[in-house]
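S.K.: Here you go, one structure.
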Amino acid sequence: MQWKWCTENTYCISGSSTVLIVVFVNIAYITVYQKIHDFFFNWSWGDKNWLKPLFGMVAAAVVVIPFYPNLMKLHVVSGGHAALDILMGTPADHVLDAVILMIIATSLISGTGGSGGLFMPVMMVGAFLGAIVGS
């Protein structure tokens with residue numbers, strides 16, 4: 001039995017590089033989140049546990065604010081799914097900046113105990129990576 005899915009080298013190389021990129025970004029995402037989570041939850045806050053999410057949200061705002069105009073063009077900050085429709089005409093460096101910022105901001109907010117989830121940010125990072133690899 002011969003496998004026909006890898007008959008041309010370009011598809012094999014493209015598929016392999018895509019897998020490696022996604023695995024690397026996934027490991028980086030988990031590592032950043034876990035380091036931030038461990039740092040804040042191993043630090044003794046006494047009876048002021050409410051400061052953890054506050055600090056995480058302020059830190060995320062400080063990181064994201066300089067890039068806010070570019071993120072608004074990608075509809076990342078607006079919370080809608082319109083970002084997925086806009087990706088296919090956006091320069092790859094802007095999309096890569098958005099991926100890095102989403103990883104950092106989500107890790108800061110969720111890793112410190114702030115409200116919000118991880119599912120949609122992970123889906124957005126995956127969609128943005130797909131747009132980068134596909135362009």
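The values are calculated or read from the model by the stated rules, or taken from the named source; none is laboratory data. This one's a predicted model, so the numbers in the text were calculated from it and none came from an experiment. All Cβ positions, glycine included, derive from the backbone under ideal geometry; neighbour counts span all protein chains shown.
S.K.: Among the candidates 113, 56, single out the residue that is of a type outside the set (Ser, Thr, Tyr), at positive phi, modelled with pLDDT of 85 or more and surrounded by 16 or more Cβ atoms within 10 Å (Cβ to Cβ).
M.R.: Answer to the check: 113.
S.K.: For the stretch 14-33, name all the residues that are touching a residue at least 40 places away in the same chain (Cβ under 8 Å) and not hydroxyl-bearing (Ser, Thr, Tyr).
M.R.: The answer is 21, 22, 25, 28, 32.
S.K.: If we scan the stretch 89-103, do we find a residue that is over 20 Å from residue 133 (Cα atoms) and either outside any loop (DSSP other than H, G, I, E, B) or at pLDDT below 80 (or both)?
M.R.: Checked the stretch 89-103: no residue is over 20 Å from residue 133 (Cα atoms) and either outside any loop (DSSP other than H, G, I, E, B) or at pLDDT below 80 (or both).
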